[in-house]
1. Is there any pair linking a residue in segment 107-121 that is at positive phi and free of Cβ contacts under 8 Å to residues at least 60 places away in the same chain to one that is surrounded by fewer than 24 Cβ atoms within 10 Å (Cβ to Cβ) and part of a helix (DSSP H, G or I), with Cβ under 7 Å and at least six apart or on different chains, and which?
2. Please state which of the following conditions Ala142 fails to meet, knowing it meets all the rest: (1) part of a helix (DSSP H, G or I); (2) closer than 24 Å to Leu220 by Cβ; (3) touching a strand residue (DSSP E or B) at 6+ places or on another chain (Cβ under 6 Å).
3. Ala147 fails exactly one of the following numbered conditions: (1) more than 21 Å from Asp208 (Cβ to Cβ); (2) in contact with a Gly (Cβ under 8 Å, 6 or more places away or on another chain); (3) assigned to a helix (DSSP H, G or I). What is the number of that condition?
4. Taking segment 34-53 on its own, how many of its residues are of a type in the set (Ser, Thr, Tyr) and crowded, with 18+ Cβ neighbours inside 10 Å?
5. Of the conditions (1) crowded, with 18+ Cβ neighbours inside 10 Å; (2) away from the ligand (no atom under 16 Å from the Cβ); (3) hydrophobic (A, V, I, L, M, F, W, C), Ala170 clears all except one; give me its number.
6. Residues to consider are Gly30, Gly73; find the one that is modelled with pLDDT of 95 or more and away from the ligand (no atom under 16 Å from the Cβ).
7. Condition first: among the small types (Gly, Ala, Ser) and surrounded by 12 or more Cβ atoms within 10 Å (Cβ to Cβ). Now tell me which residues in segment 4-33 satisfy that.
8. Tell me which residues, restricted to segment 75-104, are in a loop (DSSP other than H, G, I, E, B) and over 22 Å from Ser34 (Cβ atoms).
Amino acid sequence: MTARCVTSSVVGSYPIVVPGSELMAQYFAGENVSWYPYIADAVGDMTEAGIEVVSDGQTRDPFIQLFTRRLGGCRVRARTEVVGPIVYRGGITVDDVQVVRRLVSPSTKIVGVLTGPFTLMKSCIDLFYHDERACCLGFAEALRQEAAALSWFVDEVSIDEPWFANELPAYAEEAIGVISEGSSCPMRLHVCGDVSRIVHRLVGMPVDVLSHEFKASPKLFDAYLQYPSEMGMCIGSVRSDDVRVESVEEVVAHLRRAEEVFGRRVVQVAPDCGQRMLPREVAFAKLRCLQQAKEVVYGG
Ligand SMILES: [Zn+2]
């Protein structure tokens, strides 16, 4: 029998308070503004909690501007405007991920997090393409290049597409495939919210792992039972929208339910979504609970 390796991970963001006024003062004093301490805080919490696949915590910017600020063709205002062809101009999150690599032990794995092309397109005002599919595929091509650059430093790339829960376009598989096909890195697709109506499409996505909010929406277990597949699953196991810290017993019971539904297809456990909206001490307590429950069910 082959040993199973189920890892604990995060979805992306982590609540580190970045003192804006301090950064502004450094900037105007001509000093090099360093993001290193904030990334170190986020990664320090994740590793102290025992998490095995960590992210950079997305401390630098909200998850839309984080990408559009560094892409050609995008003008960041209250909402980003697409004013020309979307062009990849070099690493977006690559520097932050390299900082993470230097911070963690060789045995700690890293997930690089991309905001998905459909969510980027839907969050911007398109003044150039005047065509949702073309604009989305423009973002997808840029993200393909970012994923390729990240693959030198990360163990997994996660595409975060919350918008798919509201609307799943006919070209969703095509857009995700632009990023994932030919990638040397395992790919995870995270879609939060109620995805029960689109499970039949999700199981056919060109990725290796699907990640959802199973703790907030346990009915997703029933929805997935109707569509057996070979897709690996990342089980959201602590809520990201509720400050109550789950007990280890509660999360163990949740993971055992996931085992009944998915069996060996469970490859990862994580919070339901990014933890940006939680107080830091709550986010940390939830990660620690997640790790303890994971060790009860799958070992350390
Ligand atoms: Zn999410």
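The values are calculated or read from the model by the stated rules, or taken from the named source; none is laboratory data. Only a predicted model underlies this, so the values are computations on that prediction, with no experimental measurement involved. Positions of Cβ are backbone-derived with ideal geometry, glycine not excepted, and every protein chain shown enters the neighbour counts.
1. Filtered contacts from segment 107-121: no entries.
2. With (1) part of a helix (DSSP H, G or I); (2) closer than 24 Å to Leu220 by Cβ; (3) touching a strand residue (DSSP E or B) at 6+ places or on another chain (Cβ under 6 Å) applied to Ala142, the lone miss is (2).
3. (1)
4. 1
5. All conditions are met except number (1).
6. Gly73
7. Residues satisfying the conditions are Ser8, Ser9, Gly12, Ser13, Ala25.
8. Arg77, Ala78, Arg79
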